[in-house]
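*Asks:* Following this message is one structure expressed as structure tokens.
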Amino acid sequence: MAQDTHEAGQPGRGGAARQVAPAEPAAACQPGRPVRPWLGRRRLMASYAVFAAYAVLFAIFSRGEDQVWAIWASCGYAAALLMLWLWPARTAAVLVSVAVAVIAPLLWLSVAYPLEAGMMVIDRSATLLLHHGSPYLTSQQVTSWLSYNPYLTVMTLFGMPSALGLGGLAGNSGVWLAVVTVALLAAAFWAAVAHRGCATCRRDALLATAVAVASPVIGLNLAVITTDPPVLALILLSMALAARPSSRIAGVIGSGAALGVACDLKSTAWLAVPVMAAMFARRDGARAAVRFVAASLVTAVVLIVALAPAVLIRPAALTALVQNSVLFPLGLTHYKTPAESLLPGHLLADMGTAGHVLSVGLLLAAGLAIIVSLLIRPPRDVPAAARRLALGLTLIFLLGPAVRFGYFIYPLGLLGWLALTREDGGLTAADLPLDLGRLVWQQARGRVLACA
């Protein structure tokens, strides 16, 4: 992800002024040369081979809706890989993978299978908001774990079409989740391009969006309908806006607003606020960090008030918000989620009260360690912030008492974002198989010619 600036930065307090970086690398937009090496044909073929292998294994060892997705995805990835091998056109192959690996199983599962528990909760929250001014049931109304709504208020909007009477796919909250996620990812990759007027950059933005949507990290979650993809997409959009070299103040405020919306979808996005604030403070100064935090908090508070106005006039509504969106995810309510996982925090919580307290304590300790690391060594730019956030979220997901494996969409998505948006040709770990294979082939070919 390029961090070049089109204008000189302002000198920080007691610091030297930043030098003007090249605005547009001349080599970046040469015809026929991809701006981002990860979107080259060879690397796409390698990526789709990995995708296909994963989908085949998933089809063998999974069951239910996950297996349905895996069967469709195996066909989509194989078709894309074949097209990339036979023809140089990358866009057509990648779009075929999106159609077969994501859109087809999403529609199939939306029609042939009952609504997911999470979507039922979202639809109910929208109905509650329309009739009572709050998307949450009070403690007196809770009768099971499904009575809780662990999401924040913006998630309620995905249930509005159903609450307003739309039926079929038009009223399916999972379909709207997928549509909004794709739109947000497209905006994030578009914001990340170096030159918006360049045809090569526009094609790379389209390709990157399609590869991200088709990948198992996001494609599986879209097809089987989970609530994490739009949250991840908003975090990526926030980072893309923060990395824009021009309109620095607008980028800071826009980045904060995008992250504020993400924080009002799900509490998993809140860790990104201190990470990005530390990055802004180091890169642009304390004033930029304050603007960013203010934009995030104001956006989140305004949306909570707009989408749950009852919290302003009824203390019980505010208590219900905390109980549903804070205490239930931490496993501190009477009814607990039946979701199982082999993650350390969940295993500790299953050991009883002492294990649960230990899990929460370790979670708090991990959060404190992340904050201390931000104070001691703040990330210097957006890629460093993405890596720090991925590490922090991984620790939290490992230690949380009620976390499932699906939450790892966030660290994996952040690392995938870094790969798809890098603009240098440096060697990465994912390139090693290609380069080692080429080296072996050249050595073997040289020995054959020498013996001939």
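The values are calculated or read from the model by the stated rules, or taken from the named source; none is laboratory data. For clarity, every value in this text was computed on a predicted model and none was experimentally measured. No Cβ is skipped: glycine too gets one built from the backbone with ideal geometry, and neighbour counts run over all protein chains shown.
*Asks:* Does residue 341 qualify as being under 24 Å from residue 395 (Cβ atoms) and either at pLDDT 90 or above or crowded, with 20+ Cβ neighbours inside 10 Å (or both)?
*Replies:* Details: under 24 Å from residue 395 (Cβ atoms): yes; either at pLDDT 90 or above or crowded, with 20+ Cβ neighbours inside 10 Å (or both): no.
Criteria not met by residue 341.
*Asks:* Can you name the number of the only condition in (1) assigned to a helix (DSSP H, G or I); (2) buried (at least 22 other Cβ atoms within 10 Å of the Cβ); (3) of a type outside the set (Lys, Arg) that residue 265 fails?
*Replies:* All conditions are met except number (1).
*Asks:* Tell me the residue from 115, 109, 130, 146 that is of a type in the set (A, V, I, L, M) and in a loop (DSSP other than H, G, I, E, B), please. Explain how you work it out, then say what you get.
*Replies:* Details: 109 fails: in a loop (DSSP other than H, G, I, E, B); 130 fails: in a loop (DSSP other than H, G, I, E, B); 146 fails: in a loop (DSSP other than H, G, I, E, B).
Every option except 115 fails the conditions.
*Asks:* Please determine, by comparing only the residues of segment 377-402 that are surrounded by 21 or more Cβ atoms within 10 Å (Cβ to Cβ) and of a type outside the set (A, V, I, L, M, F, W, C), which one is farthest from residue 272 (Cα to Cα).
*Replies:* So, considering only residues that are surrounded by 21 or more Cβ atoms within 10 Å (Cβ to Cβ) and of a type outside the set (A, V, I, L, M, F, W, C), the one farthest from residue 272 (Cα to Cα) is 401.
*Asks:* Additional query: Of everything in segment 106-142, what is closer than 18 Å to residue 322 by Cα, surrounded by fewer than 19 Cβ atoms within 10 Å (Cβ to Cβ) and free of Cβ contacts under 8 Å to residues at least 12 places away in the same chain? Give them in sequence order.
*Replies:* 140, 141
*Asks:* Is it the case that some residue within segment 287-301 is in contact with a His (Cβ under 8 Å, 6 or more places away or on another chain) and at pLDDT below 95?
*Replies:* Taking segment 287-301 and keeping what is in contact with a His (Cβ under 8 Å, 6 or more places away or on another chain), we get none.
There is no residue in segment 287-301 that is in contact with a His (Cβ under 8 Å, 6 or more places away or on another chain) and at pLDDT below 95.
*Asks:* What tally of residues in segment 222-235 results from selecting those that are surrounded by 24 or more Cβ atoms within 10 Å (Cβ to Cβ) and under 19 Å from residue 71 (Cα atoms)?
*Replies:* Looking only at that region, the number is 2.
*Asks:* Which condition number in (1) modelled with pLDDT of 90 or more; (2) more than 29 Å from residue 103 (Cβ to Cβ); (3) hydroxyl-bearing (Ser, Thr, Tyr) is the one that residue 156 fails?
*Replies:* Every listed condition holds for residue 156 apart from (2).
*Asks:* Here is a further query. Test of understanding: among 240, 233, which residue is at pLDDT below 95, in a helix (DSSP H, G or I) and within 21 Å of residue 409 (Cα to Cα)? I'd like the intermediate steps shown before the answer.
*Replies:* Details: 233 fails: at pLDDT below 95.
Testing whether each residue is at pLDDT below 95, in a helix (DSSP H, G or I) and within 21 Å of residue 409 (Cα to Cα) leaves just 240.
Quick grid of which residues meet (1) in contact (Cβ under 8 Å) with a residue 24 or more places away in the chain; (2) within 21 Å of residue 157 (Cβ to Cβ):
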residue: 309; (1), (2): yes, yes
residue: 317; (1), (2): yes, yes
residue: 325; (1), (2): yes, yes
residue: 338; (1), (2): yes, no
residue: 349; (1), (2): yes, no
residue: 358; (1), (2): no, no
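*Asks:* Output the number of residues of segment 268-293 satisfying the condition of being assigned to a loop (DSSP other than H, G, I, E, B), touching a helix residue (DSSP H, G or I) at 6+ places or on another chain (Cβ under 8 Å) and touching a residue at least 60 places away in the same chain (Cβ under 8 Å).
*Replies:* To start, the set of residues in segment 268-293 that are assigned to a loop (DSSP other than H, G, I, E, B) comprises 270-271, 285.
From what is left, the residues that are touching a helix residue (DSSP H, G or I) at 6+ places or on another chain (Cβ under 8 Å) are 270-271.
Narrowing the set further to residues that are touching a residue at least 60 places away in the same chain (Cβ under 8 Å) leaves 271.
Qualifying residue count for the region: 1.
*Asks:* A further question follows. Within segment 150-204, restricting attention to residues that are of a type in the set (Ser, Thr, Tyr) and under 22 Å from the mean Cα position of the chain (by Cα), which residue is surrounded by the fewest Cβ atoms within 10 Å (Cβ to Cβ)?
*Replies:* Taking segment 150-204 as the starting set, the residues that turn out to be of a type in the set (Ser, Thr, Tyr) are 151, 153, 156, 162, 173, 181, 200.
Within this subset, residues satisfying the condition of being under 22 Å from the mean Cα position of the chain (by Cα) are 151, 153, 156, 173, 181.
On the way: 151: 25, 153: 24, 156: 29, 173: 28, 181: 22.
The residue in question is 181.
*Asks:* For segment 130-142, state whether one or more residues are of a type in the set (A, V, I, L, M), closer than 24 Å to residue 210 by Cβ, in contact with a Leu (Cβ under 9 Å, 6 or more places away or on another chain) and at pLDDT 90 or above.
*Replies:* Our first condition is that a residue be of a type in the set (A, V, I, L, M); within segment 130-142, this holds for 130, 137, 142.
Those left that are additionally closer than 24 Å to residue 210 by Cβ: none.
Within segment 130-142, not a single residue is of a type in the set (A, V, I, L, M), closer than 24 Å to residue 210 by Cβ, in contact with a Leu (Cβ under 9 Å, 6 or more places away or on another chain) and at pLDDT 90 or above.
*Asks:* For residue 303, which of the numbered conditions (1) farther than 17 Å from residue 243 by Cα; (2) surrounded by fewer than 19 Cβ atoms within 10 Å (Cβ to Cβ) fails to hold?
*Replies:* Answer for residue 303: the failing condition is (2).
*Asks:* To continue, here is another question. Among the listed residues 244, 248, 282, which satisfies the condition of being in contact with a Pro (Cβ under 7 Å, 6 or more places away or on another chain) and more than 18 Å from residue 156 (Cβ to Cβ)?
*Replies:* Values: 244 fails: in contact with a Pro (Cβ under 7 Å, 6 or more places away or on another chain); 248 fails: in contact with a Pro (Cβ under 7 Å, 6 or more places away or on another chain).
From the options 244, 248, 282, the qualifying one is 282.
*Asks:* Tell me yes or no: at least one residue of segment 42-49 is under 21 Å from residue 100 (Cβ atoms) and at pLDDT below 85.
*Replies:* no
*Asks:* Whether any residue in segment 201-211 is in contact with a Lys or Arg (Cβ under 9 Å, 6 or more places away or on another chain) and either of a type in the set (Ser, Thr, Tyr) or over 12 Å from residue 421 (Cα atoms) (or both) is what I want to check.
*Replies:* Within segment 201-211, one or more residues are in contact with a Lys or Arg (Cβ under 9 Å, 6 or more places away or on another chain) and either of a type in the set (Ser, Thr, Tyr) or over 12 Å from residue 421 (Cα atoms) (or both).
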